[in-house]
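In what follows, a structure is listed as structure tokens, so that the remarks can point back to it.
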């Protein structure tokens, strides 16, 4: 079919199709992570980022494609999670800039948009690496530009963009040796290829039977509902600032019940709920639909569900009351918080685990943003956390290199001056705090804290989620891996042995202090065994043990 213009109708359909495509394939994209660790979350990050982009598009009242593209870029930026989400946001930021002032897009406009997308994406990455999503968007854009010079058919241009994206994706292992060694294509490139495939399908009038309504299994539904809820309210928010106060969840058995008078239609069902609040998530299979929404009218949500089936589950939480409780619990018993002075410079650390939070606070961190290995916070999450400090300036510790780009984007749009200390691990984040001086300038603090990052060796112990081979190291699913500064250095079936042997490899003649932080999958007794065995190596070594409560990694170990 030939189409010469992309109007608001086609553009919105393209974005919706792409959002559904990523939703459907997020776990597959996650599985392409080179390291077989449980926190390979490229697919999750791209999926949640594009969901935010579609939300902004869906809320845009203008029929101009220019404004819709701008809304998509804004939504992607604010919802961007992880490096893959940020790069995706930059791709469509470039696309948006190229389409400014255009009510509709021609074949040439479409091609130019992806050329501009490529330029912006490359500029966003300090050291662009070929064999990644950047290669995919660049070669796809080149193909689109070439075809646009010969036709006014936007479908032909989009066909070329998608087909060459597939070709480029297949070549990523030849450009990035680690991909070839493990036998996978680039995960970010795969995510973008799914987006372009969905765009192409939408323009060609092709729709998967699932595209109107992603159909995950029940456990996936629960995970998505939990993720949506945990993204929404940070502990620093004033209860009065919560616009929609009731976290409402329902599960509807489609077509069953006495009140049913409508046949289930995903888009109709979704659109009505979208008018009732925010943080909306609607997922379904053939028999049930689950809803999570923050609203002022939980009764209307339930009544709407009953029009399509009976209510198998209902859960309503008053988030304002919950927030009041959280704030009250955070207050010291002497109520000194009421008169406590807001710090001139806030330090925000991104971490997951009550023990880690307490450890960071003991070192002078003023605010903790929950997140990290299993759920990268979005740009908007970080912006809100910065604003919630009420400080004049702020420092952010990402503690994960996959959060760097989102943190940098947040610093750009925050209303106060913000510096990023590029801590790649929890251990680096902890060590960086030794360089923090509340009386120093923002720039001097950032420099001192960054300088401390190289004084620590970071070790992480986790288990493999699949069989693979990396750097001639064969890894079996379920084995424990010792990861030192990002490289898998050893594999063993025993957790204690892995932690001890990894730590031994981290030591050198200048080593003085070792910090062992135990989390999910370990306990204090096992952590103390690690400490005792390390102490036997050299009695002059100072060994500390802390409970971190962190997920994914039973042990985080640092050597200074």
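The values are calculated or read from the model by the stated rules, or taken from the named source; none is laboratory data. Everything quoted here is computed from the prediction, not taken from an experiment. Cβ sites come from the backbone with ideal geometry, for glycine too, and all protein chains shown count toward neighbours.
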Open item on the list: Quick check on segment 367-387: of everything there that is within 21 Å of residue 74 (Cβ to Cβ) and more than 14 Å from the chain's Cα centre (by Cα), which residue is surrounded by the fewest Cβ atoms within 10 Å (Cβ to Cβ)?
Closed with: 387
TODO: State yes or no: is residue 409 more than 19 Å from the chain's Cα centre (by Cα) and not in a loop (DSSP other than H, G, I, E, B)?
DONE: no
Open item on the list: Given the criteria at pLDDT 90 or above, over 26 Å from residue 362 (Cα atoms) and in contact with a strand residue (DSSP E or B) (Cβ under 6 Å, 6 or more places away or on another chain), does residue 496 qualify?
Closed with: no
TODO: Identify, from the list 227, 202, 198, the residue that is closer than 23 Å to residue 17 by Cα, modelled with pLDDT under 70 and in contact with a helix residue (DSSP H, G or I) (Cβ under 9 Å, 6 or more places away or on another chain).
DONE: 227
Open item on the list: Could you tell me how many of the residues in segment 412-427 are part of a helix (DSSP H, G or I), at pLDDT 90 or above and out of contact with any strand residue (DSSP E or B) (no Cβ under 6 Å at 6 or more places or on another chain)?
Closed with: 1
Open item on the list: Show the residue pairs meeting these rules: Cβ distance below 9 Å; 6+ apart or different chains; first residue within segment 426-447 and under 28 Å from residue 516 (Cβ atoms) and outside the structural domain of residue 368 (by TED's automatic domain parsing); second residue modelled with pLDDT of 90 or more and crowded, with 19+ Cβ neighbours inside 10 Å.
Closed with: none
- [ ] Return yes when residue 501 is outside any strand (DSSP E or B), closer than 30 Å to residue 177 by Cβ and at pLDDT 90 or above and no when it is not.
- [x] yes
Open item on the list: I want to confirm something. Restricting to segment 369-406 and keeping residues that are outside any loop (DSSP other than H, G, I, E, B) and free of Cβ contacts under 8 Å to residues at least 60 places away in the same chain, which single residue is farthest from residue 83 (Cα to Cα)?
Closed with: 393
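Collect the residues in segment 485-498 that are part of a helix (DSSP H, G or I) and without any contact (Cβ under 8 Å) to a residue 24 or more places away in the chain, keeping them in residue-number order.
497
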TODO: All but one of (1) over 24 Å from residue 372 (Cα atoms); (2) crowded, with 17+ Cβ neighbours inside 10 Å hold for residue 507, so report the exception by its number.
DONE: (2)
Task: Only listed residue being modelled with pLDDT of 95 or more, more than 16 Å from residue 200 (Cβ to Cβ), crowded, with 16+ Cβ neighbours inside 10 Å and not assigned by TED's automatic domain parsing to the domain that holds residue 408, chosen from 147, 137, 115, 157 - done: 115
Task: Residues of segment 267-294 that turn out to be closer than 20 Å to residue 52 by Cβ and modelled with pLDDT of 80 or more, as a count - done: 11
Open item on the list: Can you confirm whether residue 453 is more than 26 Å from residue 376 (Cβ to Cβ), in contact with a helix residue (DSSP H, G or I) (Cβ under 7 Å, 6 or more places away or on another chain), part of a helix (DSSP H, G or I) and in contact (Cβ under 8 Å) with a residue 24 or more places away in the chain?
Closed with: no
TODO: Restricting attention to segment 532-549, report how many residues are within 34 Å of the chain's Cα centre (by Cα) and over 21 Å from residue 452 (Cβ atoms).
DONE: 3
- [ ] Within segment 338-347, identify whether any single residue is in a loop (DSSP other than H, G, I, E, B) and at pLDDT below 80, and answer yes or no.
- [x] yes
TODO: Report yes if some residue within segment 122-131 is crowded, with 23+ Cβ neighbours inside 10 Å, at pLDDT 90 or above and outside the structural domain of residue 411 (by TED's automatic domain parsing); otherwise report no.
DONE: no
Task: Residues that are surrounded by fewer than 15 Cβ atoms within 10 Å (Cβ to Cβ) and within 22 Å of residue 454 (Cα to Cα), drawn from segment 482-499 - done: 486, 487
TODO: Would you be able to tell me the number of residues in segment 457-474 that are crowded, with 23+ Cβ neighbours inside 10 Å and either touching a helix residue (DSSP H, G or I) at 6+ places or on another chain (Cβ under 7 Å) or in a loop (DSSP other than H, G, I, E, B) (or both)?
DONE: 3
- [ ] Please work out which one of (1) more than 25 Å from residue 559 (Cα to Cα); (2) outside any loop (DSSP other than H, G, I, E, B) is the condition residue 482 fails and give its number.
- [x] (1)
Open item on the list: Conditions first: (1) closer than 16 Å to residue 354 by Cβ; (2) assigned to a helix (DSSP H, G or I). Residue 517 passes all but one, so which condition is the exception?
Closed with: (2)
